[in-house]
1. Quick check on residue 4: is it touching a helix residue (DSSP H, G or I) at 6+ places or on another chain (Cβ under 7 Å), under 24 Å from residue 114 (Cβ atoms) and either modelled with pLDDT under 95 or among the small types (Gly, Ala, Ser) (or both)?
2. Mind listing whichever residues of segment 15-65 are over 27 Å from residue 196 (Cα atoms) and either within 16 Å of the ligand (Cβ to nearest atom) or not in a helix (DSSP H, G or I) (or both)?
3. Looking for something of a type in the set (D, E, K, R), surrounded by fewer than 20 Cβ atoms within 10 Å (Cβ to Cβ) and more than 20 Å from residue 136 (Cα to Cα) - is there at least one such residue anywhere in segment 35-50?
4. When you scan segment 84-102, do you find a residue that is surrounded by fewer than 19 Cβ atoms within 10 Å (Cβ to Cβ), touching a Phe, Trp or Tyr at 6+ places or on another chain (Cβ under 8 Å) and not basic (Lys, Arg), even just one?
5. So which residues in segment 166-215 are among the small types (Gly, Ala, Ser), more than 30 Å from residue 106 (Cα to Cα) and crowded, with 19+ Cβ neighbours inside 10 Å?
6. Would you tally the residues in segment 78-102 being of a type in the set (D, E, K, R) and either free of Cβ contacts under 8 Å to residues at least 24 places away in the same chain or not in a helix (DSSP H, G or I) (or both)?
Amino acid sequence: MSDYILSKDYFVKVIEDLITLVDQRKEYYTELDSQIGDGDHGINLEIGFREVNKNLDEWKKLNVRDFYNNVGKALLDKVGGSSGPLYGSFFMKFGLPIKSKGPDEGATFEEFIEMMDKGVAIIQKRGKSTKGEKTMLDTFIPALETLRSEYEAGTPGKEAMEKAVEAGKEGLEFTRNIVATKGRAMRLGERAIGHLDPGAASAAEFLEVFYKDMP
Ligand SMILES: [Mg+2]
């Protein structure tokens, strides 16, 4: 057990910064999605995170577990397409491994890894997908595997997360070289090659926020 603790403030700041990120990057996500999908990824995320933003002050009073459950539910309820509900499920499961219940308590880094694990697992389950299918899992799965293996090998928490972000970005780049076997881009066949997956792109930038906000 390490004594690297991620505070309640950290977990709230991540969501605040994701709201800002989505606002700044929505055109980019939509541009990627218009190349191989239906061009709504940025708009969908914006609708979801705008709803989260509306309720944030109220939810901040809750513990991390309930806070993330509310964030996830808002995304699940408000966002169309496929990646919105997948992110919604991710955040709803994300808080579950936290054992502390107090509204001001954070999580240990070990718990943080389990939180990421729960989130990625539900995306796999809901999407009936794994890596190599040109989806957000091409970012999430290598990132999670790297996070766990680096940390277990003794790499300090924030550094392990930095390596996880790098692995996620490599996974994102890899989506450029493959056809889609899940989602709307499937029908494009070979024509999807040469394009990044929009969900993998937003996932890589989301993970970077989790990393940058770490103390
Ligand atoms: Mg779309």
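1. Numbers: touching a helix residue (DSSP H, G or I) at 6+ places or on another chain (Cβ under 7 Å): yes; under 24 Å from residue 114 (Cβ atoms): yes; either modelled with pLDDT under 95 or among the small types (Gly, Ala, Ser) (or both): yes.
Answer is yes for this residue.
2. Residues satisfying the conditions are 60, 61, 62, 63.
3. Checked segment 35-50: at least one residue is of a type in the set (D, E, K, R), surrounded by fewer than 20 Cβ atoms within 10 Å (Cβ to Cβ) and more than 20 Å from residue 136 (Cα to Cα).
4. no
5. First, pick out the residues of segment 166-215 that are among the small types (Gly, Ala, Ser): 167-168, 171, 180, 183, 185, 189, 192, 194, 199-204.
Right, trim to more than 30 Å from residue 106 (Cα to Cα) and you get 180, 183, 185, 189, 192, 194.
Within segment 166-215, 180, 183, 185, 192 qualify.
6. Kept after step one, since they are of a type in the set (D, E, K, R), are these residues of segment 78-102: 78, 93, 99, 101.
Next cut, either free of Cβ contacts under 8 Å to residues at least 24 places away in the same chain or not in a helix (DSSP H, G or I) (or both) only: 99, 101.
Counting residues in segment 78-102 that are of a type in the set (D, E, K, R) and either free of Cβ contacts under 8 Å to residues at least 24 places away in the same chain or not in a helix (DSSP H, G or I) (or both) gives 2.
The values are calculated or read from the model by the stated rules, or taken from the named source; none is laboratory data. Please read these numbers as outputs of a predicted model, since none were measured by experiment. Because the Cβ atoms are built from the backbone with ideal geometry, glycine has one as well, and the counts that use them run over all protein chains shown.
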